[in-house]
Amino acid sequence: MKKRIFLLVTVSAILIPSASTECEQGELDARYECCAETDASIEDIVLIAPDTEYEPESMRVDAEDTWIAKEYQKYCETIGQQYNICPELLMAMIEQESSGEAKVINEAGDTGLLQVNAKWHRDSMEKLGVTDLTDAYSNILVATDYLAQLFEEEGDDLYLVLMKYNMKHDRAEELYNNGIYSEYATKISQRTWELEVLHEQRGEQP
């Protein structure tokens, strides 16, 4: 069965930086208020991309394939099939989260390819038998398990799922409900689509 293709359209939108902090929130709120005070409605200013399935047979994209290790790509395919999540989404997230570095740990304790924090995912780790988040397979497994939970909660809404993966859930919902997407979510959505089209063209999709 053909996997879902995440197609982005070019829109005028309010984007928030993926690394935004509470200190930057005043600026973001001011940007939103500025737009909301114009004569146009917020629906005219922010267009939510439609949930579109796209058939890319005749499409060509000017993008390079993923640079993450072949071993990690195989893990994405295996685990993605297990959870019915397209491997290109996992690859795009790995590029963004860690640049494909399995051993990286940030100051908050976010660890590995998909920057999983044991503090917040201890139950999933125990359920899956994971003890080392610097192990590439284990890291992808825990992250994908979490993504599957988010997709189940949000009805396959990719933008909201990615925003919740990357920030506090209540803040993600607040922004999303006002038509505001994070840069993190839009970049990964775009990259997922690029990789899916490339792999479809090359006959590499399972």
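Overview of values
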item	result
Whichever residue in the range 178-206 is charged (D, E, K, R) and outside any loop (DSSP other than H, G, I, E, B) and, among such residues, is farthest from GLY80 (Cα to Cα)	GLU183
Residues (within 16 Å of SER98 (Cα to Cα) and outside any helix (DSSP H, G or I)) located in the range 119-144	LEU133, THR134, ASP135
Helices (runs of 4 or more DSSP H) enclosed by the range 27-100 - at least 3 residues per element that are modelled with pLDDT under 95	42-45
Lone qualifier among LEU114, LEU175, LEU160, LEU147 - being assigned to a helix (DSSP H, G or I) and under 20 Å from TYR72 (Cβ atoms)	LEU147
Residue match in the range 84-97 (condition: closer than 23 Å to LEU195 by Cα and exposed (fewer than 13 other Cβ atoms within 10 Å of the Cβ))	yes
The range 70-91 residues that are of a type in the set (A, V, I, L, M, F, W, C), paired with ones that are surrounded by fewer than 21 Cβ atoms within 10 Å (Cβ to Cβ) and at pLDDT below 95 (beta carbon under 7 Å, 6 or more apart)	CYS86/LYS3; CYS86/ARG4
Near pairs, Cβ below 7 angstrom, 6+ apart or cross-chain, from the range 171-199 (closer than 14 Å to LEU158 by Cα) to any residue that is surrounded by 21 or more Cβ atoms within 10 Å (Cβ to Cβ) and of a type in the set (D, E, K, R)	ALA172/LYS164; THR192/GLU88
Residue check, ILE105 touching a strand residue (DSSP E or B) at 6+ places or on another chain (Cβ under 7 Å) and modelled with pLDDT of 95 or more	yes
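Yes/no matrix, rows are residues, columns are (1) in contact with an Asp or Glu (Cβ under 9 Å, 6 or more places away or on another chain); (2) small (Gly, Ala, Ser); (3) surrounded by fewer than 20 Cβ atoms within 10 Å (Cβ to Cβ):
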position: ARG122; (1), (2), (3): no, no, yes
position: GLY129; (1), (2), (3): no, yes, yes
position: ALA136; (1), (2), (3): yes, yes, no
position: PHE151; (1), (2), (3): yes, no, yes
position: ASN178; (1), (2), (3): no, no, yes
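The values are calculated or read from the model by the stated rules, or taken from the named source; none is laboratory data. The model shown is predicted, which means the values in this text are computed figures rather than measured ones. All Cβ positions, even for glycine, are placed from backbone atoms using ideal geometry, and neighbour counts span all protein chains on display.
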